[in-house]
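Here's the structure, in structure tokens; my notes come after.
Where a number appears in this text, it was derived from the coordinates with a stated rule and is not lab data. Note that the structure is predicted; figures quoted are calculated from it, not measured. Note that each Cβ is placed from the backbone with ideal geometry, even for glycine, and that neighbours are counted across all protein chains shown.
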Amino acid sequence: MKDQPRIHLGSLLRTSDDAHAEGELDHLQYLQGKTPQTLQFAEPAPYEVNVNSLGGDEMYLQGHFSPTLVTECARCLRDVQVPLDIQLGTLMRYEPSAEEPYLEEAESGEEVLVFGNPDLDLSAYLAESTLLATPLTVLHAPDCKGLCQVCGHDLNEGPCEHSAQVPIEEIDEELGIPEGSSHAKQNPFAGLSKLDLPDE
């Protein structure tokens, strides 16, 4: 396992010198609420971070992170590899009373990474950046057939006994639903076409 990402900001806070950190990660651990979560990467993910002083307790972080996230297909739950190319950038503020790093919104609307330990663990920040960059819906293939809703069989591997029981019905061209289906709904305006209305 690669080490968790850390950047040492003690010298920057004392002398305003820039701080730098780089490395590779094969996972990220972070808290969601109070529940530990882990992001897994398909291969070592390189990161590079630079922090510059803006004066006083404020600074700016910028850098780059290139993980290949291992997540689940939204339909069949197979593992999917999602390569990401993330440009990092956030304001930072040192507050000795902060027990854990957290993000807050500044008056300008920008997010600020607030931290109290100069030996800063970047795990939560990199995890949030990764999750924000990941598409909401990920499929292992565009034509993924998903899982059977009855038995959970992966339909990409072939039909199951439940899918085989579904009759192949013709599609009604006007309504776009199977003819004779118990779920078929009549078009409420269909009868109007037969009315003999007087000409105005």
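A dipole drawn for the range 6-133 from +1 and -1 charges on Cβ atoms has a positive end, and of Asn117, Gln29, Pro96 the residue lying farthest that way is Gln29. Rounded to the nearest 20, the size of the Cβ-charge dipole of the range 1-149 about its Cα centre is 640 debye, with Lys and Arg at +1 and Asp and Glu at -1.
Residues Thr15, Thr71 in ascending order of nearby Cβ atoms (within 10 Å, fewest first): Thr15, Thr71.
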